[in-house]
Amino acid sequence: MATASISAASLTRREDIFASVFPPASFTTPTPEATPTIGVLSSPGKSFGGFNHTNQVADGAVSFNRNWSTATRFLTLTASEHASHDDRHAIREATAALQYLWNSPSSRSDLVKWYNHEVSVHYSQFVLPSLGAWHNPIASSNALYVVRSTIDILENAQELYNKAPSAILNVIRDASQRSAIESFCIQTRQGMQRLFLHSLPRQRLQKTLANVMYQLMETSIQQSRESGKCAKSERCSCKVTIDDLSFTALHTVGLGGNLGERAFAHAVHKLLDGPAVERRCFEVDWSGHESVVDKLREWIQSKFAPFVEQCLSKLTGNASLQLTESEITQFVTMAALKLGRQRTLSLFDYVKSWPHSQGAVLDIKEYLFFGSLTDKAHVCSSFTNQLQNRFLHAGVSTNELLSIYINVIHTFRLLDARGVLLDKVATPIRNYLRARDDTVSIIAASFLADVDKNGAILHSESEKVCIDIALEVARSNLEERQESGTLNWNDMDWVPDPIDAGPQYKSSKSEDVVAYILGLFEQADFIKEVTNVLAQHLLHMVDSEYVKETRLVELFKTRLDASKLQAAEVMLKDVRDSASLNRKLKQRLAHRTNPPATPREIQAAIPQEGIPMNELYERFSNGTTHTQFLAIVKLVANKRDNVLYPKRSRLPAESPVKKTPSHPEFNLQVLSSFFWPEMQSRDYEVPSGFYPLQEHYSTYFQQQGGQRKLQFKPALARCTVELELEDRQVREVDIPAWRGSVIDAFASERGDAVPITYNSSDGLTPQQLMDALRMDEELVMDALNFWTAKRVLYQCAPGIYAVLESLDMDTGADEHQEQEPAESISAVKTQDAMFQDNAPTFSIFIANMLRNGGAKEIGGMMGITSMLKMVLPTFTYGEEEVQYLLAEMEGRGEVTRNGDLWSAK
C-alpha cells in the first residue's frame, strides 16, 4: 500500500506539471434533476412578457442541460461502481438523453470526452494503485503472474466502465437508436484501452510480455511429446502453444495492437534464435549425411507459421490475417541462420570427423546461402580461431596436421565450390606446415606408400606416412589438367570471378587435393625430397614391375616441372635395367653351378604321348647347353615333326655326379651415381660366400657395359637371414646387410677368413666385432640392439653378447625386459649428414669470401647465405646452418663478430 501511495503522489505531481503548460479540459459535474420552466408573464401589445410567449433559444439550452444532466448522472462512476442501472425508467431516460446528445457533433464529442475523463479519474484513484508492481523491475520468474494479474484487473475495470453503456444497449431494439449507442461504446472503449496502455511503463510492459510469451513457447516446444519421434523421422511434428496467456484478453484490454505485436515479434525471434532450432529434431544427420534445413523449413511452414497467424489474429483482432510467403521465408531464413551459426561453433570438430559430418557441413552451406558476406567472414574467422586455439601447436603431430588439412580442403570445397573460403582459411595451416621440418619428408613418403583396400598402410612406418595423402594419391587422376588461366570459350557454365576472391583464386579453383598438397612448398624443395624418398623406396624393391612408382612419376610430371624430374626417371630406368640384368646373371650362374642333365633324367621326362622339343629343353636349360641337350636326345628319343617320343632301348649305367652346393640368391641394383642422391659409403666385411658372386656379377657387367665398372656399397645392401636355434627358427626379411654380418659372426661354423671366433661361454664384445668386421660403432650397436630386441642375442655380462639358443635360458633379471628394435639407418644420406660432410668446404669458402670481400651479414641480398647459394650448388641450407658454421669458425679463431657483421681474422 505504501508503494501505491507513493506512486499515486508521484503521478499527481507529474499531472500538475503537465497541467501548468497544457491546462486540462474543464468538466462540470452532473446536476440534480432541474426545475421545470414556467415562462414569464406577457404584456399585451408588447414584444415580450406574458405567459404565452416562448423563447426558443432558452428552451434549447434548457433541453440540452436536462439531457446532459440525465446522461451524465446515469454514466457517473462512484467509488467502486456505477449508480443503480437496474431501474428501467432511468435506463429509458438515459437512452433518450444519449440519443438527443448524439445527434449534435459538438455534444457527441463533449460527451465522449466527459466519460473518458470520468473513467480516467476513477481509474487513477481506484484501479491504478493495484498495478503498482509495474513501477519496479519484474523478475522473470514472476512475470507471468504479474501479466495475468494485470489482465484480470484491467478486465474487471473495463467491465465496470462498460456496465452503464451495456445496460442501455440491452434495452434498445431499434437499429437506428442502437447504432448511436454502439458508436458511443466503441469510442469510449478505445479511450479506455489508450488509458490502460499509457498508464503502464511501455518499455517494461513490452519486454515483460515478450519474456512471458517466449517462456511459454519455449516450455511448450520442449515438452512436446513428438520430439523423440521427430529425431528419427524426416518431418518434425512438434507443436508450439501458449495456453497460459490469453491473446484475446490482451487485445481486449488494449495491451495487444502494436505493442503486443512487437512483444510477440521479439518472442518469436528469440525462439527461432534458440530453442526452436536447438532441439533433438534438428540434430546433425550422422547417418544419412544430409542437411536438416529442409526439415526445418517444412516444420516452420506446416506448424510454426499457422501458430504465428493464430496468435497475431488474436492480438490484432483481425480474424482474416494471414502471413505472406515473404514473411514465412524470413522465418526460415532466421532459423537457418541460427542453425548455421550453431554449427559453425563446432566446425573444427566437423572437419576432424569428415566425411561422417557431411550433414553438418551441408547445414553450414545452407547458412552461407541464406547469409551475407558478413556471415561468410564469420565462418572463416570462427574456424581460424578454432584452429589457432585447438590445433596449431607443437603437441599435434605433422601426420595429424596433414590429415586435418586434407579434411579442410574437402570441407570448404563443399561449402564453397569456388574456393574463396578455402583460400582464406588454409593460409594459417599452410604457414604452420611449412614451418615443420618433417612436413616435406612425410608428404613424399605418403606419395610412395602402398595402401590396401581397407585404407591401411602396407610395408611402411605409419608415423612417417599420412594415410589420407596416400589415399588421395591413389584416387588422383593422371590426365593433364587444363590450365586455369586459359579461357574455355565452349564452357557454357562460365561465370565471372566472385568479388570476394583472393589473388590466388584463378590458380586454385580447379585444383584437387593432390595439387593443394604439392603447392605447400617450392617445387625445387619438394622434388628434391621426393627424389630422396623415391631412392630409398626403390632400394628396398627387387625384381618388381614398378607400376606404382612409374604412375607416381607420371603424376608429378603432369603437375610439376617435368624437366626437374629427370633424376626420378633415370632412377626408375636403373631399377628396371637391374631387374633384367639379374635375370640374365641368374641364368648364367645356373649354367655354371648346376650339373648337366643325364640321359636318364631326360628320358624320364619324355611322356609316351610325346613332348615338343622346345618345351623339354626349357626344363633342363639350367646347367645344360643346347648342344649337350641335342646329343642326349638322339640317344633317348625319337623325333617326329619336332615332337620327341621315348626310345625303348636300355641306357648304360651312369656314374654318380657330384652336385655342387647351391649359392644364396643374389640380386643387385645398378645405380647411376650422378642421378641418385648421395648414399652412405660405409664399408665392412660381408660373409665370404658373397665375394664370388660379386666377382661373377662384376665380370659379367663389365663385359656387357663396356667401360663401366661395378662398385659395391655394402652400406646399401639388404639381406634375408634364416637362423636355426635349439628351440626355434628365426627368419628376418629385407634387413640391412650389416645386421646379417654381425649375426653371422656368432655362427658356430664359419667358412670365411674373418679373424673372429665365437664361444658361447665368452661371447663377443662390440669392440671385437668392430675390429673383425671393420665396421663403424654405430652400425655394430644398431645390429646388436636389433638382434637383442628379437631375442636372438642377449648380454651374458655387461657389454658382452651371446646367442640365446633357448628362450627358457636364464639370462639374468635385467634381460627379461623387452627392448624396442632399433630404427634402421637410412641408406640415403640425410641433410644433416651431407651438411656435416661438406662443412669444411663451406667453411673455407666463407673464410675466403670474408677475407676478400670484407665484413658481411648472415642475411640480406648480399649476405653470406645468399652468396653461398649463388656460388655453391651443393649449399641448399638456410641462415641457421650458416650461423652454426660461423660459430664453429669463431671457436677456431678464423672469424670475428662485430654486431651483425662477420669478418675474417
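Answer yes or no as to whether residue 153 is assigned to a loop (DSSP other than H, G, I, E, B), in the same structural domain as residue 103 (by TED's automatic domain parsing) and aliphatic (A, V, I, L, M).
no
Go through (1) of a type in the set (Ser, Thr, Tyr); (2) surrounded by fewer than 19 Cβ atoms within 10 Å (Cβ to Cβ); (3) out of contact with any strand residue (DSSP E or B) (no Cβ under 7 Å at 6 or more places or on another chain) for residue 741 and report which single condition fails.
So residue 741 meets the others, but not (2).
Would you call residue 231 touching a helix residue (DSSP H, G or I) at 6+ places or on another chain (Cβ under 7 Å) and over 14 Å from residue 212 (Cβ atoms)?
Answer is yes for this residue.
Quick check on my filter: what residues within segment 835-865 are within 10 Å of residue 882 (Cβ to Cβ) and without any contact (Cβ under 8 Å) to a residue 40 or more places away in the chain?
859, 863, 864, 865
Regarding residue 218, is this residue under 18 Å from residue 140 (Cβ atoms) and not aromatic (Phe, Trp, Tyr)?
The answer is yes for residue 218.
Any residue in segment 749-762 that is closer than 22 Å to residue 716 by Cβ and among the charged types (D, E, K, R)?
yes
Yes or no, residue by residue, for (1) in the same structural domain as residue 837 (by TED's automatic domain parsing); (2) loosely packed, with under 12 Cβ neighbours inside 10 Å; (3) of a type in the set (Val, Ile, Thr); (4) more than 21 Å from residue 529 (Cα to Cα):
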| position | (1), (2), (3), (4) |
| --- | --- |
| 869 | yes, no, no, no |
| 872 | yes, no, no, no |
| 880 | yes, yes, no, no |
| 883 | yes, no, no, yes |
| 888 | yes, no, no, yes |
| 892 | yes, yes, no, yes |
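Tell me whether segment 290-306 contains one or more residues that are surrounded by 17 or more Cβ atoms within 10 Å (Cβ to Cβ), outside any helix (DSSP H, G or I), in the same structural domain as residue 350 (by TED's automatic domain parsing) and of a type in the set (A, V, I, L, M, F, W, C).
Yes, segment 290-306 contains a residue that is surrounded by 17 or more Cβ atoms within 10 Å (Cβ to Cβ), outside any helix (DSSP H, G or I), in the same structural domain as residue 350 (by TED's automatic domain parsing) and of a type in the set (A, V, I, L, M, F, W, C).
Need the failing condition index for residue 413 against (1) closer than 28 Å to residue 551 by Cβ; (2) in contact with a Phe, Trp or Tyr (Cβ under 7 Å, 6 or more places away or on another chain); (3) among the basic types (Lys, Arg), just the number.
If we test residue 413 against (1) closer than 28 Å to residue 551 by Cβ; (2) in contact with a Phe, Trp or Tyr (Cβ under 7 Å, 6 or more places away or on another chain); (3) among the basic types (Lys, Arg), just (2) comes out false.
In segment 180-259, which helices (runs of 4 or more DSSP H) lie fully inside it and hold 1 or more residues that are more than 23 Å from residue 299 (Cα to Cα)?
Correct list: 202-222, 247-252.
Against the definition (touching a Gly at 6+ places or on another chain (Cβ under 6 Å) and either buried (at least 18 other Cβ atoms within 10 Å of the Cβ) or in a helix (DSSP H, G or I) (or both)), how does residue 375 come out, yes or no?
Here the answer is no, as residue 375 does not meet what is asked.
Quick one: in segment 124-163, of everything that is crowded, with 19+ Cβ neighbours inside 10 Å and of a type in the set (S, T, N, Q), which residue is nearest to the chain's Cα centre (by Cα)?
150
Residue check: is residue 578 buried (at least 16 other Cβ atoms within 10 Å of the Cβ) and either in contact (Cβ under 8 Å) with a residue 60 or more places away in the chain or not charged (D, E, K, R) (or both)?
yes
Restricting the search to segment 269-282, which residues are under 19 Å from residue 370 (Cα atoms) and not in a helix (DSSP H, G or I)?
Answer for segment 269-282, where residues must be under 19 Å from residue 370 (Cα atoms) and not in a helix (DSSP H, G or I): 273, 274, 276, 277, 278.
Can we say residue 645 is modelled with pLDDT of 75 or more and either acidic (Asp, Glu) or assigned to a loop (DSSP other than H, G, I, E, B) (or both)?
Against the criterion (modelled with pLDDT of 75 or more and either acidic (Asp, Glu) or assigned to a loop (DSSP other than H, G, I, E, B) (or both)), residue 645 does not qualify.
Exactly one of these conditions fails for residue 276: (1) under 30 Å from residue 252 (Cα atoms); (2) without any contact (Cβ under 8 Å) to a residue 12 or more places away in the chain; (3) under 29 Å from the mean Cα position of the chain (by Cα). Give me its number.
(2)
Among (1) among the hydroxyl-bearing types (Ser, Thr, Tyr); (2) in a helix (DSSP H, G or I); (3) at pLDDT below 75, there is one condition residue 550 misses while meeting the rest; what is its number?
Condition not satisfied by residue 550: (3).
Sort through 65, 52, 116 and tell me the only one that's over 60 Å from the mean Cα position of the chain (by Cα), at pLDDT 80 or above and farther than 16 Å from residue 183 by Cβ.
Of 65, 52, 116, the one residue that is over 60 Å from the mean Cα position of the chain (by Cα), at pLDDT 80 or above and farther than 16 Å from residue 183 by Cβ is 65.
The values are calculated or read from the model by the stated rules, or taken from the named source; none is laboratory data. Just so it is clear, the structure is predicted and the values come from calculations on it, not from any experiment. Cβ atoms come from the backbone with ideal geometry, glycine included; neighbour counts cover every protein chain shown.
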